[in-house]
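A.B. asks: Questions regarding the structure given below will be posed in turn.
The values are calculated or read from the model by the stated rules, or taken from the named source; none is laboratory data. This is a predicted model, so every value here is computed, not measured. Cβ sites come from the backbone with ideal geometry, for glycine too, and all protein chains shown count toward neighbours. Keep in mind that these areas ignore ligands, DNA and RNA; they rest on the heavy atoms of the full protein, side chains included. Shrake-Rupley method; radii C 1.70, N 1.55, O 1.52, S 1.80 Å.
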Amino acid sequence: MIYVLGSINQDISLEMERLPKKGETLIADGCRMGLGGKGANQAVAIARLARKYDDGRKAVHMIGKVGADAVGTELINKLNEYGVGTDYVGQVNRATGTAVITVSGKDNRIMVYGGANLGITKSDVDEALQNATSSDTLLCQLEVPTYIVGYALRQARSYGMTTILNPAPAKELPDDFYYNVDIIAPNETETQILTGINPKDWDSQYAAMQEFHRRGVRYVVLTLGSNGCAISDNGKLIAHLPARKVTAVDTTGAGDTFVGALALTYPHVGMYSFQEACLFATRASSLTVSRRGAAESIPTFDEVCELYSNKIGR
Ligand code: RIB
């Protein structure tokens, strides 16, 4: 079982030829509204990619909060439709988290209002994890309060669970935070903010990975956009994995697809090595960037496999 502690947002995504200047009003070329939030997207990625193995139980449960209104209810329904367990998604008297996204060419810009996401409590975490075991995984990001994420990671570690942190959006974290993280998966911007190192080439990527290991993380996966990812285990660089060349139409949710795919394939199914899990994740996220939207752009397991000659896409 995978538990995803994180944000559930209503995404309002505007396609713009360019961004407006100060004081300027610009007409968008397109508008999409849908389920988003880094936590929700990652949970949807796990559910979509896990379908093949579904034996009736949900592979993934979301721990989160939405508003006690029609928007919140609709987002819960959407999570359910995608196959995400929502027993631990509560509704509170705050506006549902909202993201305003501009997509311009292949670049996006995201502004997030936390709203109900900020209402998650320690007892919500306790309730969700009360039956967790060492074969389960906890996946977190940083769109919910940092102290709640730190608490959940500590609890998960005490149950022997695998812990994965996608430190997005990056913010300063207490040093002891990292000790409870088995796998960290930052992108280039997050790596620079968290380590002070710009991972622009192999040497700097290696240095940044070493810094995460020094802080206590076992596996580091630096996601490098169209350049794929670099992965290391306990200070030893394992590989640079290239990304598949695709025509990107919207990169929203690509990082979330990667992290969800990794969380599913590496510790949960147990049929992948760490490197194979990262390769599968790279391939899954390459499909996401070729489609518009966040959760709605995430591929299924079969869609990923269709692109490659065998089941795990080697
Ligand atoms: O990672 C993409 C997500 O970031 C969007 O869906 C948006 O809601 C923000 O959380």
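A.B. asks: With equal scatterers on the alpha carbons only and no solvent term, can you work out the Debye log10 of I(q)/I(0) for region 116-205 at 0.14, 0.19, 0.21, 0.25 1/Å?
C.D. replies: With one equal scatterer per Cα and no solvent, log10 I(q)/I(0) is -0.52, -0.87, -1.01, -1.28.
A.B. asks: Run lengths n ≥ 4 of DSSP H only: what is the helix-derived mean residue ellipticity at 222 nm for the chain, with -39500 (n - 2.57) per run over all residues, to the nearest 500?
C.D. replies: -9500 deg cm²/dmol
A.B. asks: Whole percent per 5 Å bin, from 0 to the bin with the longest distance: what is P(r) over all C-alpha pairs of region 1-81?
C.D. replies: Spelled out per bin, shortest first, that is 3, 14, 20, 18, 13, 12, 10, 6, 3, 2, 1.
A.B. asks: With every protein chain present, what is the per residue accessible area of the chain (1.4 Å probe, Å²)?
C.D. replies: For the chain, the per-residue accessible area is 43 Å².
A.B. asks: Take region 207-257, compute every pairwise Cα distance, and split them into 10 Å bins from 0; I just need the percent in each bin.
C.D. replies: For region 207-257, the pair-distance distribution reads 25, 44, 25, 6.
A.B. asks: In nm, to one decimal, how far is the modelled label at GLN130 from the one at ALA28, with both set 7 Å along Cα→Cβ?
C.D. replies: Going from the GLN130 label point to the ALA28 one covers 4.1 nm.
A.B. asks: Something else now. Just the accessible area for MET111, please: 1.4 Å probe, Å², rounded to the nearest 10?
C.D. replies: About 100 Å², ignoring ligands and nucleic acids.
A.B. asks: Using protein chains only and a probe of 1.4 angstrom, how many square angstrom of LYS58 are accessible, to the nearest 10?
C.D. replies: 80 Å²
A.B. asks: Using only the Cα atoms of the chain, build the gyration tensor, take square roots of its eigenvalues as a ≥ b ≥ c, and label the shape rounded, prolate or oblate: rounded if a/c is under 1.5, else prolate if a/b is larger than b/c, else oblate.
C.D. replies: rounded
A.B. asks: Please say if region 17-176 is rounded, prolate or oblate, where rounded means a/c under 1.5 for a ≥ b ≥ c the square roots of the C-alpha gyration tensor eigenvalues, and otherwise the choice is prolate for a/b larger than b/c and oblate otherwise?
C.D. replies: Because a/c hits 1.5 or more and a/b exceeds b/c, region 17-176 counts as prolate.
A.B. asks: Still on this model: Dipole size in debye (nearest 20) for region 1-146 around its Cα centre, Lys and Arg Cβ +1, Asp and Glu Cβ -1?
C.D. replies: Once rounded to the nearest 20, the dipole reads 300 debye.
A.B. asks: What is the calculated FRET efficiency for ASN93 to ASP203, with r their C-beta to C-beta distance and R₀ = 45 Å, to the nearest 0.05?
C.D. replies: The pair ASN93/ASP203 has a calculated efficiency of 0.35.
A.B. asks: If you don't mind, there's one more thing I want to ask. Distance in nm between label sites at LEU19 and ASN227, each 7 Å beyond Cα in the beta-carbon direction?
C.D. replies: 2.2 nm
A.B. asks: Search the structure for amide H atoms under 5 Å from the amide H of VAL249, placed 1.01 Å from N in the peptide plane, and list their residues when 5 or more places away or on another chain.
C.D. replies: SER290, ARG291
A.B. asks: Can I ask one more? Probe radius 1.4 Å, ligands and nucleic acids left out: which of ARG48, ARG32 has the largest accessible area, and how do the rest follow?
C.D. replies: Accessible-area ranking of ARG48, ARG32, largest first: ARG32, ARG48.
A.B. asks: Dipole magnitude of the chain about its Cα centre, charges +1 at Lys/Arg Cβ and -1 at Asp/Glu Cβ only, in debye to the nearest 20?
C.D. replies: With only Lys, Arg, Asp and Glu charged at Cβ, the dipole is about 320 debye.
A.B. asks: Which of the lysines could a cross-linker bridge to LYS200, judged by Cα under 24 Å and excluding same-chain residues fewer than eight apart?
C.D. replies: Hits, sequence-local ones excluded: LYS106, LYS171, LYS236, LYS245.
A.B. asks: Another one. Just from the alpha-carbon atoms, what are the Rg and Dmax of region 34-101 in angstroms?
C.D. replies: 12.0, 37
A.B. asks: Across bins of 10 angstrom width beginning at 0, how are the C-alpha pair distances of region 172-310 distributed, in whole percent?
C.D. replies: That works out to 12, 43, 34, 11, 0, in percent per bin.
A.B. asks: If one computes the Cα centroid of region 66-94 and of region 1-48, what distance in Å separates the two points?
C.D. replies: One Cα centre to the other: 16 Å.
A.B. asks: Keeping the other protein chains in place, figure out the carbon and sulfur percent of the accessible area of the chain, with a 1.4 Å probe.
C.D. replies: 48 percent
A.B. asks: Further, regarding this structure: Mind ranking 63-73, 277-287 by how tightly packed they are, going by the mean number of other C-beta atoms within 10 angstrom, highest first?
C.D. replies: 277-287, 63-73
A.B. asks: Expressed as a rounded percentage, what relative contact order does the chain have, with Cα pairs under 8 Å and six or more residues apart?
C.D. replies: 18 percent
A.B. asks: Within the chain, which is the longest segment containing none of the GluC sites (Glu not before Pro) that sit in a DSSP loop and have at most 12 other Cβ atoms within 10 Å?
C.D. replies: Result for the longest clean stretch: 25-171.
A.B. asks: Between THR247 and ARG154, what is the label-to-label distance in nm when each label sits 7 Å out along the Cα-to-Cβ direction?
C.D. replies: 5.1 nm
A.B. asks: Sticking with this one: Round to the nearest 0.05 the FRET efficiency obtained for ASN77 and LEU118 when R0 = 22 Å and r is the Cβ-Cβ distance.
C.D. replies: Computed FRET efficiency for ASN77 and LEU118: 0.50.
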